[in-house]
Amino acid sequence: MKQLYLFILLILSSFLSYSQSDCGDAVTASEGLNSFNTIGYDSYWFTYELSAGKKVTISSTDFVNFDISSGPDCDNRTNIVYDYQNVTISNLEDGATLYIRLSRFNTETFEFRLVSSDLISGDNCNLATSANEGVNSFDADAYVPRWFRFELPEDKKLTLNSSSYGEVAMFSGSDCEYPSNYTSGDTNLSFTRLSTGGTVFIKINPYNTEVFEFELTVSDFETGDNCELADQAVDGVNSFPVTTNSIYWYKYTMVKSGNLNMDFTGYRPVNVYKGSNCAGKFFISGASFPRTLTGLNAGDDLYFQWTNNGDFDFTLTEADPIPGESCETAEIAVLGTNSIPSTNVDYFWYTYRMPTDLNQKIIIEAGNDRDITVYSGNCESFSTLGSSDGALKVLGLASDEDIYIRIDTNGSGDFDWNLGVESEGVGDSCDDPEVATTGSNFTPVSPYWFSYTTPIAGTYTISSVGLATEDTYLRVYSDCQGTLIGENDDFSGLQSEVELELSEEQTIYILWDDTYNAEGFSWNISSDAIPDEKEDQTITFNSLDSRTFGDADFELTAETSSGLAVSYTSSNTVVATVSGSTVSILEPGSTIITASQTGNVAYNAADPVERTLTIKKANQTISLDAISDKLVTDADFTIPATATSGLTLSYSVSGFVQ
């Protein structure tokens, strides 16, 4: 596809007018006021070299998204911050390069101000200001973080309280490079994760420009402060206590094997762990809404890490297992539509036995954002066969093989999914791809393999943009199971596009996939090198000299005006054959050698040219040695004669003497 871009650069003082949506074309920003014209929703890139010992503030009175990263170049950037209107960066190494991407929604002149200033105490973790127990205060700038550090005694917790508006994060560690025990929340936060004592780093992000006051309180640990001090939960109603802690722990021990239903109202984030003690616990579930924990055994210790967002009640109820909630209670799937009931379990399980056929595949469709995983083996020993969101195709399934299907319920269930079984065929693997053509192609099911051989060297575009409505994903390989040479997701909307420089008659392998369903979609291959109309071509093929039987093989030398290769045929393969452009003589006679060229995407087929090839008989000579006189009584003897052709000689006798 040919596109013409017209760039107009207007330089009026320090005024810029342009639209750059690529980091590699970023314009250098200057300290002070920067101004440029926008052309509607687009991205505009700038770079800025941050001096040693400096911080930078980027601000605007207009509505804008600032997406800022740093690194040695565009391909090796690390995201730093994404925010609106005003950002301050103060935690970079000396001399770092900033990459600033601004997203605008209007067509108008836009201004932003960039101010560099010296780093001061509190600007970053390494410059954290020492905080005191009791009331602390600082002059806050809205959305400009300030850092503090506090030495926490052993076996104590630290609580921060403030009536100011902002966000607080706390973590511990020997230095700023290796933080641990991260906790964050609003301006009323307790840090309960450092029983051994040590340094606590405090990052405060104020929401307003004003004096920001906060109070630090050191106190003894209480029930619920950490896993070791977990409050004891009961089967039934549990009342969350009134506490300033950001995290509150409960422990519950299963009485019988089965399920545990967690019921509560509202948005209540909780992480659930299982283990014989706090040191050996492991994560089993995370939820913000009612959930059922499955596959539990009598005596299992469960630890609930609740995020505090107000006092509330939650109910724990032990229950018997229900069909489909675990591998052991998997429902039997059927071909066609299967229905998952309303449920609080995270996943619903099915089992299915493959039919008695070879080389089978299954296709599962469950809808957007529903994770699907297929396993082989048994509930004690799994092997994952495939996993995807929304839709999944699994190949190479054996006759009568039992498989297990696990589908994400999104915490509610109550939806249908579809199971299909088919024989493997074209497009299922790169070993048996469908041959794609220049122009429009169709992917009947996802994922699906194609091969494509270029008719001419040039830039090729492979795209589903404007042709599909599905969320497509595109990968291009140099050969089957070879090097990935192109990959794209969401080039425009949810569709994919890749542009590649390819040589003539280069074969590539194309894998199309769809994130959420297995249904088909259209896509296209195009190239600027392929003309809209084909040109004519002619063949130049000189007359052929006659040859003699026994002559060596020789080459045909026809040429085309297009430069494309010529192919040849022989009308009489008893006399002569052609392999490529090489003629082999078989016996005397004549044959017609036809030179042809079928054309390609740029040229029409040429008119074939015929030339007659005559093969003459070869000459031969006979050698006969002298024969000595013989007597009638002598024995029979052989005449010493040969022909250069190797043919059989015949003899006659004359002049017999008595």
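The values are calculated or read from the model by the stated rules, or taken from the named source; none is laboratory data. This is a predicted model, so every value here is computed, not measured. Ideal geometry is used to build each Cβ from the backbone, glycine not excepted, and the neighbour counts take in all protein chains shown. Ligands, DNA and RNA are excluded from the accessible area calculation, which covers all protein heavy atoms including side chains. Shrake-Rupley method; radii C 1.70, N 1.55, O 1.52, S 1.80 Å.
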The stretch 260-303: number of residues that are surrounded by 15 or more Cβ atoms within 10 Å (Cβ to Cβ) and part of a loop (DSSP other than H, G, I, E, B)
8
Please work out if Y207 is within 30 Å of S276 (Cα to Cα) and surrounded by fewer than 16 Cβ atoms within 10 Å (Cβ to Cβ).
no
Can you find, within the stretch 115-129, the residue that is least open to solvent (accessible area, probe 1.4 Å) among those that are more than 39 Å from the chain's Cα centre (by Cα) and in contact (Cβ under 8 Å) with a residue 12 or more places away in the chain?
G122
Answer yes or no as to whether L152 is within 19 Å of T183 (Cα to Cα), aliphatic (A, V, I, L, M), in contact with a Gly (Cβ under 7 Å, 6 or more places away or on another chain) and crowded, with 16+ Cβ neighbours inside 10 Å.
yes
Where residues in the stretch 76-106 are more than 25 Å from R149 (Cα to Cα), of a type in the set (S, T, N, Q) and surrounded by 13 or more Cβ atoms within 10 Å (Cβ to Cβ), which of them is modelled with the lowest pLDDT?
N106
Answer yes or no as to whether G324 is on the phi > 0 side of the Ramachandran plot, under 34 Å from the mean Cα position of the chain (by Cα) and part of a loop (DSSP other than H, G, I, E, B).
yes
Just one of (1) within 26 Å of V426 (Cβ to Cβ); (2) open to solvent by less than 30 Å² (accessible area, probe 1.4 Å) trips up Q537, so point out which.
(1)
Considering only residues that are assigned to a strand (DSSP E or B) and at pLDDT 90 or above, look in the stretch 220-237 and name the one that is surrounded by the fewest Cβ atoms within 10 Å (Cβ to Cβ).
G236
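Here is a yes/no grid of residues against (1) open to solvent by 70 Å² or more (accessible area, probe 1.4 Å); (2) over 30 Å from G266 (Cβ atoms); (3) within 28 Å of the chain's Cα centre (by Cα); (4) at pLDDT 90 or above:
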residue	(1), (2), (3), (4)
L335	yes, yes, no, yes
R353	yes, yes, no, yes
D357	yes, yes, no, no
E365	no, yes, yes, no
D369	yes, no, yes, no
Going by the structure shown, is E213 under 19 Å from N132 (Cβ atoms), open to solvent by 50 Å² or more (accessible area, probe 1.4 Å), among the charged types (D, E, K, R) and more than 41 Å from the chain's Cα centre (by Cα)?
yes
Those residues of the stretch 429-468 that are of a type in the set (D, E, K, R) and either in contact with a His (Cβ under 7 Å, 6 or more places away or on another chain) or surrounded by fewer than 17 Cβ atoms within 10 Å (Cβ to Cβ) (or both) come to a total of 2
Which listed residue is surrounded by 13 or more Cβ atoms within 10 Å (Cβ to Cβ) and farther than 30 Å from I456 by Cβ, from I593, I639, I585, I622:
I585
Taking I340, is it surrounded by 13 or more Cβ atoms within 10 Å (Cβ to Cβ), within 30 Å of T183 (Cβ to Cβ), of a type in the set (A, V, I, L, M) and within 37 Å of the chain's Cα centre (by Cα)?
no
Scan the stretch 606-622 for residues that are part of a loop (DSSP other than H, G, I, E, B) and touching a residue at least 40 places away in the same chain (Cβ under 8 Å) and jot them down.
A606, D607, P608, K617, A618
Pair list, Cβ under 6 Å, 6 or more apart: the stretch 411-427 residue in contact (Cβ under 8 Å) with a residue 24 or more places away in the chain, other residue assigned to a loop (DSSP other than H, G, I, E, B) and among the small types (G, A, S)
W417/A366; L419/A333
